[in-house]
Amino acid sequence: MALENKIDPAQASARLATWWASKTAGAENVRVTNTHVPGAGGLSNETVLFQVTWVADGVEHTQGMVARVQPSGPGVFRDYNLRKEATVIKALGDHTPVPAPKIYFYEEDPSILGAPFLVMERVDGRIPADDPPFTTAGWVLDLSEEQRSLLWDNSINALAQIHNADWRALGLESLDTAEQGSGLDAQLALWKSIFEWAAEGEPNPTIESAFAWLYENKPADEGQKVLNWGDARVGNLIFSDDLAVAAVLDWEMVALASRELELGWWLFLQRHHTEGIGVPLPAGIPDAAQTIARYEEITGHTVKNIDYYETLAGTRLAIIMVRAAHMMIDAGLLPPEAPMAISNPASQLVAKMLGLPAPSGTAVSFIGNR
């Protein structure tokens with residue numbers, strides 16, 4: 001899922017050094033080095049990796065940093081709120097066992113990196129890849145079956161820690177509004193409006209039918225609202241050498257909703273990277289039933305209506321693929337006639353799950369399109 005980043009590393013280094021000095025009390029001799037802007041990033045926020053060194057009270061400090069920069073132009077999401085992300089990550093990192101990276105600053109001034117950004121510590125470790133998917137290549141497949149089981153168990157524990165966080169005690173009541181997608185009704189309304197924006201007037205029979213099903217089959221009781229990470233998947237976790245979760249990343253879709261909303265996303269993304277692209281689940285990684293059983297064991301929560309929430313997750317991902325397709329066509333990464341907005345692994349899976357006609361055209365994914 002790659003569009004070219006536009007931030008110039010040399011320019012970013014100079015501006016970040018001046019900016020850091022202005023933000024850090026008593027900082028002298030500030031140097032920003034090893035600045036790296038990935039040549040191709042996600043269709044969402046841009047990333048700047050850098051090392052900052054400064055002297056304060058005669059002591060030299062050096063820290064690896066990550067700047068997460070809001071897109072300066074069109075993005076895969078309609079709305080961005082890095083201040084909200086920074087607030088949630090900081091609250092979790094300061095007051096809970098959730099392995100959240102340390103937040104240093106949130107900056108609204110676009111003159112530094114071209115758009116608002118947040119700066120957090122750079123956490124060492126490895127991340128399961130999306131392109132190519134970790135289910136087809138990479139370090140996860142090099143692990144033993146037992147190690148993959150441990151990696152997944154640690155992931156589910158991290159997910160449970162997020163859900164067990166007391167969002168009221170953390171001062172996150174601002175998330176509890178319909179505009180922020182709090183609760184199932186708000187989530188449905190939010191994603192319906194995102195779809196209308198992303199589709200740009202183009203029909204999409206699979207997503208339209210999925211919404212009809214979601215409204216008709218809405219659970220009577222959605223249960224307690226908990227803090228949802230939003231983009232809960234193994235590809236948004238950094239793992240240390242012992243396979244512990246070192247950091248939970250990517251909080252763009254953070255919301256207050258049921259545990260099942262989050263679990264549905266986790267399960268669908270796992271389905272997407274296996275059944276969706278025609279590869280088996282690697283040995284040692286628990287299947288959906290095993291994942292649910294382990295989550296219930298850890299939390300004491302009985303999971304309900306998970307098929308509904310996995311369908312909702314698939315619909316949400318299919319909507320993201322509509323937007324991604326339009327962006328990639330506009331960027332020249334796909335030909336104008338590419339059927340990705342209609343036919344992609346997410347929409348194909350949703351159609352299969354609901355017994356709908358398969359979307360027309362060969363399934364096209366962002367994976368491998370660079």
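Here are the numbers for this structure:
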{"item": "Tally, over segment 183-205, of residues that are without any contact (Cβ under 8 Å) to a residue 60 or more places away in the chain and part of a loop (DSSP other than H, G, I, E, B)", "result": "2"}
{"item": "Test for I103: is it buried (at least 17 other Cβ atoms within 10 Å of the Cβ) and in contact (Cβ under 8 Å) with a residue 24 or more places away in the chain", "result": "no"}
{"item": "In segment 222-240, residue surrounded by the most Cβ atoms within 10 Å (Cβ to Cβ) [restricted to those that are free of Cβ contacts under 8 Å to residues at least 60 places away in the same chain and farther than 25 Å from H272 by Cα]", "result": "K225"}
{"item": "All positions within segment 74-100 that are free of Cβ contacts under 8 Å to residues at least 24 places away in the same chain and either assigned to a loop (DSSP other than H, G, I, E, B) or surrounded by 14 or more Cβ atoms within 10 Å (Cβ to Cβ) (or both)", "result": "D79, N81, K90, G93"}
{"item": "Residues of segment 216-258 classified as more than 22 Å from V69 (Cα to Cα) and acidic (D, E), total", "result": "5"}
{"item": "Members of segment 135-149 found to be part of a helix (DSSP H, G or I) and crowded, with 16+ Cβ neighbours inside 10 Å, listed by number", "result": "V140, R148, S149"}
{"item": "Residue within segment 283-301 that is under 25 Å from F77 (Cα atoms) and in contact with a helix residue (DSSP H, G or I) (Cβ under 7 Å, 6 or more places away or on another chain) present", "result": "no"}
{"item": "Exclusive hit being out of contact with any Phe, Trp or Tyr (no Cβ under 8 Å at 6 or more places or on another chain) and either assigned to a loop (DSSP other than H, G, I, E, B) or at pLDDT 95 or above (or both), set E179, E208", "result": "E208"}
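The values are calculated or read from the model by the stated rules, or taken from the named source; none is laboratory data. None of the values given here were measured: they were computed from a predicted structure. Every residue, glycine as well, gets a Cβ built from its backbone with ideal geometry; the counts of neighbours run over all protein chains shown.
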